[in-house]
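The values are calculated or read from the model by the stated rules, or taken from the named source; none is laboratory data. Note that this is a predicted model, so its numbers are computed, not measured. Glycine gets a Cβ as well: all are built from the backbone with ideal geometry, and neighbour counts include every protein chain shown. Protein only, heavy atoms only, side chains kept; ligands, DNA and RNA dropped before computing areas. Shrake-Rupley method; radii C 1.70, N 1.55, O 1.52, S 1.80 Å.
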Amino acid sequence: MTTSERFPGSTSVVVIGGGIVGLSTALTLAERGVPVVVLEKGSIAGEQSSRNLGWVRKVMRAVPDLPMAIAAERMWQQMPARIGEDCGFRQAGITYVARTDAELAAYEGWLKAVRGAGLDSRMLTGAEVAQAIPGSTGRWAGGIATPSDARAEPTLASSAIARAALAHGAVIVENCAVRTLETSAGAVRGVVTERGAIACDHVVLAGGVWSRRFLANHGVRLLTLPLVASVLRTAPMDGPTDSAVGAADFSFRKRLDGGYTITQRGALFAPLTLDHLLIGMKYLPTLIAQWKNLRLSFGRDFFADLALPRRWRADAVSPFERLRTIDPPVNQALNAEAMRNLVAAWPVFANARVAQAWGGMIDVTPDSLPVIDNVAQLPGLTLATGFSGHGFGTGPAAGRLAADLAMGETPFLDPTPYRLERF
């Protein structure tokens with residue numbers, strides 16, 4: 001897509017990061033008539049916003065995060081009318097299947113916890129799973145289905161939202177890293193980029209996995225650690241369902257191009273970095289619970305991360321210029337696991353031809369909820385980061401909440417679960 005050629009000297013709000021959350025923030029502000037500039041160190045949606053699974057789900061969403069998911073679903077429904085383009089949003093449903101009674105009990109516990117939220121989620125028996133998703137040779141104890149859950153196409157959506165923001169007057173500048181914030185009397189008054197300074201009244205940091213490093217340079221502590229998801233897509237094929245399906249060790253969902261997006265849902269690759277040593281103890285409960293699902297690695301990633309500066313001046317080349325796009329290698333073993341597990345459950349996928357595989361870096365907080373909050377240490381700075389792999393589905397609502405906070409308006413939903421100080 002074509003972004004802005006001009007580089008303004010001033011604006012009302014600068015958004016750092018051109019992923020779906022930053023773009024949704026910018027679109028919301030531009031629709032309100034607020035001058036806004038999005039600064040992206042690489043290309044629009046070049047990292048996790050184009051590499052995720054495309055799920056828009058409420059099912060098994062953390063209870064504090066459910067209002068955001070519900071609001072986001074409504075916004076996704078309205079997105080074609082709002083931006084004038086098809087983002088591939090389809091409410092084809094999401095079903096989680098369970099092999100064991102313990103897995104099934106977790107679904108039942110969640111459904112009980114969200115009773116009264118008005119969801120259409122319902123428990124399935126093993127026979128109902130077989131009827132809803134035909135062709136399985138797996139033995140299912142049951143499952144949970146949410147027919148109103150949905151999917152969208154990450155690359156289509158991010159680019160379309162960016163074009164809509166531009167049409168409403170936003171400025172989007174690619175290949176322009178923000179090095180530091182400019183402050184006066186302790187408050188944010190602008191940003192310094194590799195192309196010069198921009199004065200502004202407010203900054204929204206939606207930098208994903210980069211946000212921790214950016215904030216640390218300003219003395220603000222954010223708890224996020226990087227994990228890598230490996231994903232593949234198939235060529236167009238006839239599959240068992242248009243619904244997205246998740247099991248303990250695989251997931252699949254139909255794509256707009258006729259193929260399927262597949263991942264090993266139960267496992268993530270964890271290339272160790274210095275941050276894992278510095279703040280890893282904050283994740284101990286999660287680590288204990290998910291130990292068998294983490295594939296740890298110590299090697300080149302540790303030293304590559306160590307080579308990037310952790311402190312720098314405004315007149316120095318920043319780490320965001322040294323590495324504009326994180327493109328983690330695909331963990332082929334995890335993708336092979338995903339396909340083996342999937343074929344064992346639905347043999348039709350034995351005929352699948354893998355068209356592409358990729359890795360995506362996820363920024364994970366200790367409780368897997370994002371941080372969407374004004375920073376008390378730096379008045380004039382709002383965070384919208386740490387989405388822990390869930391940012392695409394809730395992106396439109398997260399952008400609206402960030403815009404509300406940045407402009408000092410009454411938040412359209414309760415931001416308490418996303419406060420920075422909770423850590």
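Annotations
- Here Arg324 does not fit the description of being assigned to a loop (DSSP other than H, G, I, E, B), loosely packed, with under 13 Cβ neighbours inside 10 Å and not aliphatic (A, V, I, L, M).
Conditions (1) aromatic (Phe, Trp, Tyr); (2) surrounded by 14 or more Cβ atoms within 10 Å (Cβ to Cβ); (3) more than 16 Å from Ala235 (Cβ to Cβ), marked per residue:
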site	(1), (2), (3)
Phe320	yes, yes, yes
Pro328	no, yes, yes
Asn335	no, yes, no
Asn341	no, yes, yes
Ala345	no, yes, yes
Phe349	yes, yes, no
Thr365	no, yes, yes
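- Filtered residue count, region 347-375, keeping only those that are without any contact (Cβ under 8 Å) to a residue 40 or more places away in the chain and either farther than 18 Å from Ala402 by Cα or of a type in the set (A, V, I, L, M) (or both): 1
- In the condition set (1) surrounded by fewer than 18 Cβ atoms within 10 Å (Cβ to Cβ); (2) assigned to a strand (DSSP E or B); (3) not aliphatic (A, V, I, L, M), Pro309 is compliant with all but (2).
- Only listed residue being closer than 29 Å to Thr25 by Cβ, out of contact with any Lys or Arg (no Cβ under 7 Å at 6 or more places or on another chain) and open to solvent by 20 Å² or more (accessible area, probe 1.4 Å), chosen from Leu272, Leu256, Leu277: Leu256
- Within region 321-346, the set of residues being over 20 Å from Gln48 (Cβ atoms) and in contact with a Ser or Thr (Cβ under 6 Å, 6 or more places away or on another chain) comprises Ala345, Trp346.
- Residues that are within 22 Å of Val330 (Cβ to Cβ), out of contact with any helix residue (DSSP H, G or I) (no Cβ under 7 Å at 6 or more places or on another chain) and modelled with pLDDT under 95, drawn from region 234-276: Arg265, Ala270, His276
- Residue within region 204-215 that is of a type in the set (Gly, Ala, Ser), surrounded by fewer than 22 Cβ atoms within 10 Å (Cβ to Cβ) and in a loop (DSSP other than H, G, I, E, B) present: no
- Only one entry of Glu5, Glu85 meets the criterion of being farther than 20 Å from His390 by Cβ, modelled with pLDDT of 95 or more and of a type in the set (Asp, Glu), and that entry is Glu85.
- Only residues that are open to solvent by less than 10 Å² (accessible area, probe 1.4 Å) and at positive phi were counted in region 175-189, giving 0.
- Filter result (open to solvent by less than 40 Å² (accessible area, probe 1.4 Å), of a type in the set (Gly, Ala, Ser) and not in a strand (DSSP E or B)) within region 232-253: Ala235, Gly239, Ser243
- Residue within region 60-73 that is in contact with a helix residue (DSSP H, G or I) (Cβ under 8 Å, 6 or more places away or on another chain) and closer than 24 Å to Pro240 by Cα present: yes
- Tally of residues being open to solvent by less than 10 Å² (accessible area, probe 1.4 Å) and either assigned to a loop (DSSP other than H, G, I, E, B) or under 23 Å from Met281 (Cβ atoms) (or both) across region 216-230: 5
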